[in-house]
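Enquirer: Sending over a structure as structure tokens; questions will come in a sec.
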Amino acid sequence: MDFPYEIVQRFNTRKEAESAGFSPEQTWSVVEDDNCFTYGPPHHCVNLLYYVTTKETHEHDTYFEEEDSL
């Protein structure tokens, strides 16, 4: 399923997102794996590309995958 939320901002680190006033529940890690991008809880570090924040929150067990269009 494609990422269903509007991205508010993109960050290089979790600390940057927290400093901007976003909670961990509003912060998503974006990782790349096997020709897809996975949006998930912010604790991921393997194949991590960056973090995004949304107005919506998650419960630290929600994931969304988007296939790479290249």
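Residue-by-condition table, conditions (1) surrounded by 11 or more Cβ atoms within 10 Å (Cβ to Cβ); (2) in a strand (DSSP E or B); (3) of a type outside the set (Gly, Ala, Ser); (4) within 10 Å of the chain's Cα centre (by Cα):
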{"position": "Trp28", "(1), (2), (3), (4)": "yes, yes, yes, yes"}
{"position": "Glu32", "(1), (2), (3), (4)": "yes, yes, yes, no"}
{"position": "Tyr39", "(1), (2), (3), (4)": "yes, yes, yes, yes"}
{"position": "Cys45", "(1), (2), (3), (4)": "no, no, yes, no"}
{"position": "Thr62", "(1), (2), (3), (4)": "yes, no, yes, no"}
{"position": "Glu66", "(1), (2), (3), (4)": "yes, yes, yes, no"}
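Enquirer: Could you please find all residues in segment 33-69 being aliphatic (A, V, I, L, M) and free of Cβ contacts under 8 Å to residues at least 24 places away in the same chain?
Expert: Val46, Leu48, Leu49
Enquirer: Further question: Of everything in segment 40-70 that's among the hydroxyl-bearing types (Ser, Thr, Tyr) and modelled with pLDDT of 95 or more, which residue is nearest to Gln9 (Cα to Cα)?
Expert: Looking at residues that are among the hydroxyl-bearing types (Ser, Thr, Tyr) and modelled with pLDDT of 95 or more, I get Thr53.
Enquirer: Can you tell me which residues in segment 47-60 are buried (at least 17 other Cβ atoms within 10 Å of the Cβ) and not β-branched (Val, Ile, Thr)?
Expert: Scanning segment 47-60 gives Tyr51, His58.
Enquirer: Would you be able to tell me the number of residues in segment 1-32 that are within 20 Å of Cys45 (Cα to Cα), among the small types (Gly, Ala, Ser) and without any contact (Cβ under 8 Å) to a residue 12 or more places away in the chain?
Expert: Going through segment 1-32 one residue at a time, the tally reaches 1.
Enquirer: Report, by residue number, each residue of segment 11-26 that is outside any helix (DSSP H, G or I) and under 10 Å from the mean Cα position of the chain (by Cα).
Expert: Phe11
The values are calculated or read from the model by the stated rules, or taken from the named source; none is laboratory data. If you're wondering where the values come from, they're calculated on a predicted model, not measured in any experiment. Don't worry about glycine lacking a Cβ; one is built from the backbone with ideal geometry, like all the others, and counts go over all protein chains shown.
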